[in-house]
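Data first, discussion second: the structure below is written as structure tokens.
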């Protein structure tokens with residue numbers, strides 16, 4: 001048993017706990033609407049489930065006590081359970097609450113539940129920061145609550161919620177668009193790496209290439225995505241019209257082509273920059289030692305440069321991947337599909353739950369991609385290159 | 001033997017780094033290239049393993065032009081220690097040392113054995129150091145690993161570019177001493193670049209003094225100190241050349257045999273003597289102190305009049321005469337005892353003897 005000390009309490013945990021207490025006491029934990037698009041009425045957590053309220057009070061106390069003992073992993077684990085428990089309670093009571101209001105009524109999460117999710121995020125994030133040298137544990141802190149939430153989604157526990165009703169009406173479409181979203185984002189990062197990594201190597205090798213390369217990738221990053229999609233429509237449709245072969249390939253002014261091109265351009269900056277920086281930080285002495293010991297050019301690359309540069313290059317790919325998952329949303333505007341479809345449809349119909357059906361999976365995907373890349377980086381970083389705290 | 005024949009290195013911007021050098025570097029000896037920064041010493045060194053290619057001239061190893069060898073084979077047969085060690089940070093100490101043996105595709109068991117032997121040789125405990133990472137080593141330890149890595153495939157030639165430049169002065173002297181010991185054991189052909197004259201004198205069998213891409217003087221250290229060929233060499237050696245010469249001679253060669261008293265016997269062993277002081281030993285002939293023979297009362301026991309000598313005040317035969325002189329000046333005495341590593345008394349070295357030595361050098 002580790003000693004309890006007040007000075008072990010950090011700002012992140014404290015913030016998380018304060019947000020959590022607000023979220024379970026404000027009037028709007030859930031909101032109930034008579035129909036899909038009518039205005040909502042707030043419902044307190046205490047009205048949703050008194051037992052649930054009590055549970056959160058106990059959970060908060062437990063997290064507070066644990067944080068005083070510096071058990072960062074367990075603090076984070078319980079923190080991650082906060083949103084999971086929020087969804088669980090909501091799922092248990094959603095159908096009953098809806099029935100009280102009317103036959104077409106819908107129950108949606110309101111500020112309270114979202115704040116609860118946010119408090120869980122803050123608690124997990126705070127714990128992860130302290131687990132810097134244990135990246136596997138840090139990744140676990142995100143994976144556990146997400147998989148539990150997914151389990152509830154799949155098992156039908158949350159089917160009483162309005163967003164799940166929207167989902168039920170579009171089941172096939174939802175999976176199609178999710179797959180398309182992943183293919184577009186993944187493809188963009190794949191081709192971005194295919195171009196960006198050699199570009200970074202080239203920039204490192206030659207001073208003449210360095211400046212124009214970075215001028216270009218930096219400039220690309222400054223163009224808003226909607227504008228870039230728009231700019232690509234005209235030249236691409238011209239190409240498609242004048243060259244039949246390209247048309248047969250499915251290239252046109254709208255659809256996946258401009259989306260892919262724009263997203264590849266966006267992913268270039270983080271990947272190129274990190275590749276360049278990673279090679280730049282390898283001391284010349286290290287390379288010269290290799291040459292002096294009779295390593296071939298290929299051996300220098302495979303035994304020294306790649307292992308030493310890989311973690312930083314992958315960190316660039318990670319940034320690009322998270323960015324691509326977000327930016328792909330906008331691709332729906334030019335008919336490329338993806339989860340953005342639901343977001344824009346929902347906005348058009350003023351159906352907030354439909355917007356959420358697109359937005360929530362995007363957030364979840366971004367978090368999953370982030371954790372996966374962090375895990376990959378942790379596994380591929382040689383022990384000798386892991387930075388210690390304070391160094 | 002490594003021979004340089006008319007070696008010149010001119011860069012594209014027409015700066016001349018090395019200007020027509022011709023020297024012969026003898027086998028199994030340590031040759032130091034010394035000079036101020038920018039004198040071309042590192043460039044000269046790097047031409048031996050062809051990291052730098054000369055513009056003109058020829059380098060021969062045992063009579064064969066180095067361009068006749070496969071460049072990778074040439075480099076794998078030459079150990080290389082560089083300025084900032086250049087250990088591979090992502091590899092363990094063991095994998096760092098095993099670099100060249102692995103390139104040469106040695107068997108695993110042979111590599112393992114070799115790494116452990118080398119760690120012991122450079123004074124690092126093999127079991128605990130093999131699995132360490134470069135970032136876990138101190139500057140001195142990293143340098144040792146660098147030396148072990150250069151020795152890994154037992155190359156006949158080793159090139160060292162200011163190998164002890166990046167460590168503190170105390171550690172540097174310690175590393176130099178240990179390295180000198182390793183070299184006495186292995187007799188490699190070593191080319192050693194430094195700008196530290198004390199280091200050069202301490203380690204070198206031969207010294208080449210360089211300036212502006214040329215070799216001004218190439219000789220054994222004693223001759224360079226005693227007979228500098230021109231003002232630059234004279235100045236570069238410093239105004240304390242006489243003292244520096246003393247760091248090339250060892251106490252062992254100047255031990256004087258003197259009478260001693262044994263504390264296990266009485267005063268009558270002393271008899272009639274003109275000596276004021278005598279070194280005192282115990283029954284195992286170990287030095288324990290000195291006795292004031294002149295002033296002490298013969299009534300008291302020898303043991304009670306004894307002044308003890310601290311262990312660090314006793315010189316060893318492999319201490320340099322410079323060190324002996326420095327200790328004498330420090331303690332204000334004119335003679336110091338010499339004992340071997342077990343503490344057995346060998347004799348003394350005196351100030352008058354050192355003066356004789358420096359005087360005879362002048363003639």
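The values are calculated or read from the model by the stated rules, or taken from the named source; none is laboratory data. Just so it is clear, the model here is predicted, and its values are computed rather than measured. FYI the Cβ positions are ideal-geometry reconstructions off the backbone, even for glycines, and counts take in every protein chain you see.
Within the range A:338-391, how many residues turn out to be in a loop (DSSP other than H, G, I, E, B) and either crowded, with 18+ Cβ neighbours inside 10 Å or in contact with a helix residue (DSSP H, G or I) (Cβ under 7 Å, 6 or more places away or on another chain) (or both)?
Our first condition is that a residue be in a loop (DSSP other than H, G, I, E, B); within the range A:338-391, this holds for A:338-339, A:350-351, A:381-382, A:386-391.
Checking the rest, the ones that are also either crowded, with 18+ Cβ neighbours inside 10 Å or in contact with a helix residue (DSSP H, G or I) (Cβ under 7 Å, 6 or more places away or on another chain) (or both) come to A:338-339, A:351, A:381-382.
Within the range A:338-391, residues that are in a loop (DSSP other than H, G, I, E, B) and either crowded, with 18+ Cβ neighbours inside 10 Å or in contact with a helix residue (DSSP H, G or I) (Cβ under 7 Å, 6 or more places away or on another chain) (or both) number 5.
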**OP:** Check off (1) in a helix (DSSP H, G or I); (2) within 25 Å of the chain's Cα centre (by Cα); (3) under 30 Å from residue B:223 (Cβ atoms); (4) at pLDDT below 80 for residue B:324 and give me the number that stays unchecked.
**Re:** (4)
Original post:
Going by the conditions given, is residue A:323 under 30 Å from residue A:36 (Cβ atoms), touching a helix residue (DSSP H, G or I) at 6+ places or on another chain (Cβ under 9 Å) and more than 14 Å from chain B (Cβ to nearest Cβ)?
Top reply: no
**OP:** Considering only residues that are crowded, with 22+ Cβ neighbours inside 10 Å and touching a residue at least 60 places away in the same chain (Cβ under 8 Å), look in the range A:285-313 and name the one that is farthest from the other protein chains (Cβ to nearest Cβ).
**Re:** A:313
Original post:
For the range B:237-247, does any single residue satisfy the condition of being assigned to a loop (DSSP other than H, G, I, E, B) and more than 23 Å from residue B:357 (Cα to Cα)?
Top reply: no
**OP:** Could you tell me which residue of the range B:127-147 is surrounded by the most Cβ atoms within 10 Å (Cβ to Cβ), considering only residues that are away from chain A (no Cβ under 14 Å) and within 23 Å of residue B:187 (Cα to Cα)?
**Re:** B:144
Subject >> Hits in the range B:227-258 (condition: loosely packed, with under 12 Cβ neighbours inside 10 Å and either farther than 20 Å from residue B:217 by Cβ or touching a helix residue (DSSP H, G or I) at 6+ places or on another chain (Cβ under 9 Å) (or both)) >> reply: B:253, B:257
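Please determine whether any residue of the range B:296-315 is closer than 30 Å to residue B:199 by Cα and modelled with pLDDT of 80 or more.
Within the range B:296-315, the first condition is being closer than 30 Å to residue B:199 by Cα, and the residues that meet it are B:310-315.
Narrowing the set further to residues that are modelled with pLDDT of 80 or more leaves B:314-315.
Yes, the range B:296-315 contains at least one residue that is closer than 30 Å to residue B:199 by Cα and modelled with pLDDT of 80 or more.
Among the candidates A:17, A:113, A:66, which residue alone is crowded, with 19+ Cβ neighbours inside 10 Å and either free of Cβ contacts under 8 Å to residues at least 24 places away in the same chain or more than 30 Å from residue A:366 (Cα to Cα) (or both)? Step through it out loud before you land on a result.
Working: A:17 fails: either free of Cβ contacts under 8 Å to residues at least 24 places away in the same chain or more than 30 Å from residue A:366 (Cα to Cα) (or both); A:113 fails: either free of Cβ contacts under 8 Å to residues at least 24 places away in the same chain or more than 30 Å from residue A:366 (Cα to Cα) (or both).
Sole residue among the options that is crowded, with 19+ Cβ neighbours inside 10 Å and either free of Cβ contacts under 8 Å to residues at least 24 places away in the same chain or more than 30 Å from residue A:366 (Cα to Cα) (or both): A:66.
Here is a yes/no grid of residues against (1) within 30 Å of residue B:226 (Cβ to Cβ); (2) assigned to a helix (DSSP H, G or I); (3) within 26 Å of the chain's Cα centre (by Cα):
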residue: B:265; (1), (2), (3): no, no, no
residue: B:272; (1), (2), (3): no, no, no
residue: B:288; (1), (2), (3): no, no, no
residue: B:291; (1), (2), (3): no, no, no
residue: B:295; (1), (2), (3): no, no, no
residue: B:307; (1), (2), (3): no, no, no
residue: B:317; (1), (2), (3): yes, no, yes
residue: B:328; (1), (2), (3): yes, yes, yes
**OP:** Please give the strands (runs of 3 or more DSSP E) falling wholly within the range B:1-119 in which 2 or more residues are more than 14 Å from chain A (Cβ to nearest Cβ) and closer than 26 Å to residue B:208 by Cβ.
**Re:** B:2-10, B:16-21, B:30-34, B:56-61
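The rows are residues; the columns are (1) more than 13 Å from the chain's Cα centre (by Cα); (2) within 22 Å of residue B:37 (Cβ to Cβ); (3) surrounded by fewer than 22 Cβ atoms within 10 Å (Cβ to Cβ); (4) modelled with pLDDT of 90 or more.
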residue	(1), (2), (3), (4)
B:180	no, no, yes, no
B:185	no, no, yes, no
B:190	no, yes, no, yes
B:196	no, yes, yes, no
B:201	no, yes, no, no
B:206	no, yes, yes, yes
B:209	yes, yes, no, yes
B:213	yes, yes, no, yes
B:216	yes, yes, yes, yes
**OP:** Being assigned to a loop (DSSP other than H, G, I, E, B) and free of Cβ contacts under 8 Å to residues at least 24 places away in the same chain is the filter; apply it to the range B:331-362 and report the residue that is nearest to residue B:246 (Cα to Cα).
**Re:** B:334
